[in-house]
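Working notes, beginning with the structure itself.
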Amino acid sequence: MNSNNTVEPVVTAAWARRLGETRADLLHIADRWPDLYQLRLPGTATRHTTGYASLAARRARDAQARAERRDRTTDTLGYSAAPLDVEVLDTLTDILVGADELAGRIAATAGAPVLDPPSTAYDYAAIRGYLIHAGDHLADAADVDPEALDDAQDTARSMRRKLDKALNEIADGHRLDTVCAFCGGATPEAPAGGERTLVVRVVVDQLVIVCANALCSPTSADCGTWVRGRPAWPEAEWEWLNKRLDMPA
Ligand SMILES: [Zn+2]
């Protein structure tokens, strides 16, 4: 039909964009939920998020290996696990339930097989499968029923927001177990240095590492971002920062 020719391409472009954004949200959740899962145990703080996991990863792995050796050899029965963080578990369970239900609705609409429900409310490993299944059949479901895309877009966006909020809340304020390469941790209170001054902060919804030391003054080549008068490094620079922190002083 000629009358459709002028309208259709616009609808298709908007449609494709919404489809793409929704798939990106689903993938983001699939990629990031393990970060939150790792946070469920207090004491695993140094393995926080993907970004600065690398920053302290080696030290954390070493500490863990030492702890595991110790657990195996001494007093295994007396070892008590840290309490579970209930809020983190609730968020993960919400996401699990939301992902299962969304995948079920999309598959049913698209005429695709519906995946089995999670074995328990804590079967977090199943999250990825539901999200991938939902993404795979989203276009077909949206073809059958345009409201399926509205539903998926709203649900994915809200799950993503919930996950990011939980990750940011926990990461915010976390102090890195390493000494700043630019001030050596020499603060007004501890002029000899060695203080742990690097802190993760959430600034305008982005994670940054800030040196809290008032005396820290890296050159403009070493730091291009300042947060309330303190040098800061956004997530994109953490790989680089990690290398600087690992250099011998
Ligand atoms: Zn510093």
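None of the figures in this text is laboratory data; all of them are computed from the coordinates on show. The shown structure was predicted, so the numbers you read here are calculated from the model rather than taken from an experiment. Ideal geometry is used to build each Cβ from the backbone, glycine not excepted, and the neighbour counts take in all protein chains shown.
What the table shows:
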{"quantity": "J(HN,Hα) series, the stretch 15-24, from Karplus relation 6.51 cos²θ - 1.76 cosθ + 1.60, nearest Hz, glycine and proline x", "calculated": "4, 5, 5, 5, 4, x, 5, 5, 4, 5"}
{"quantity": "Around A110: net Lys/Arg minus Asp/Glu count, Cβ-Cβ under 12 Å", "calculated": "-3"}
